[in-house]
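Notes for the one structure printed next.
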Amino acid sequence: MKKHVHLKKFKKEEIIFNDEETKVILRFIFKSQVRCIDSLEITDPVREFAQGLLIEAVDASYALGFVDALAWATVNPGAGAKKVLIKFGKKALRHWFKHATTQDLMRIKIYDRVRDQLALRFDHVLRLHINGIAKLNDNHFGMLAFNSSNNDRIWG
């Protein structure tokens, strides 16, 4: 399954997460960049980037049909990530999603392979933010490619 991704843009008042929650999201997606993320200055564009990644992670997971994968394997994320997912499910606006329903948002699940693909495709954007050279109005674009796997982890 191939999917072109343009991360959603948000008005300042639509951004849900604070600095620490933004870091939790970025650590969850970019698990190999934890030290860089911990030292990252959190700005509104960084918060917008993290929120866009989380929306894409949720929506792509629902597009893959997470129900089938639940029969194979589930893993609980750390307490911080779980707390952020619950807050997101409560505050996210339905029109931000193509696949997930309002009811789905109360039981958010994210495929491991979706998370890995987002990390791979958007690592360059994270590095631009870390280096302080990301453009404010950049359209973040990437292509996600998923293959079938019966031993996929699901977070949520």
Scanning segment 109-153 for residues that are over 13 Å from Leu7 (Cβ atoms) and at pLDDT below 60, which turns out surrounded by the most Cβ atoms within 10 Å (Cβ to Cβ)?
Phe146
Consider Phe28 carefully, then state whether it is part of a helix (DSSP H, G or I), closer than 13 Å to Asp112 by Cα, in contact (Cβ under 8 Å) with a residue 40 or more places away in the chain and open to solvent by less than 30 Å² (accessible area, probe 1.4 Å).
yes
Taking interchain pairs and intrachain pairs at least six residues apart, which have beta carbon atoms under 8 angstrom, with the first residue in segment 35-64 and open to solvent by 10 Å² or more (accessible area, probe 1.4 Å) and the second among the hydroxyl-bearing types (Ser, Thr, Tyr)?
Ile42/Thr22; Arg47/Thr22; Leu64/Tyr111
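The values are calculated or read from the model by the stated rules, or taken from the named source; none is laboratory data. Keep in mind it's a predicted model, so treat the numbers as computed, not measured. Note that each Cβ is placed from the backbone with ideal geometry, even for glycine, and that neighbours are counted across all protein chains shown. Accessible surface is based on the protein model in full, side chains and every heavy atom, while ligands, DNA and RNA are left aside. Shrake-Rupley method; radii C 1.70, N 1.55, O 1.52, S 1.80 Å.
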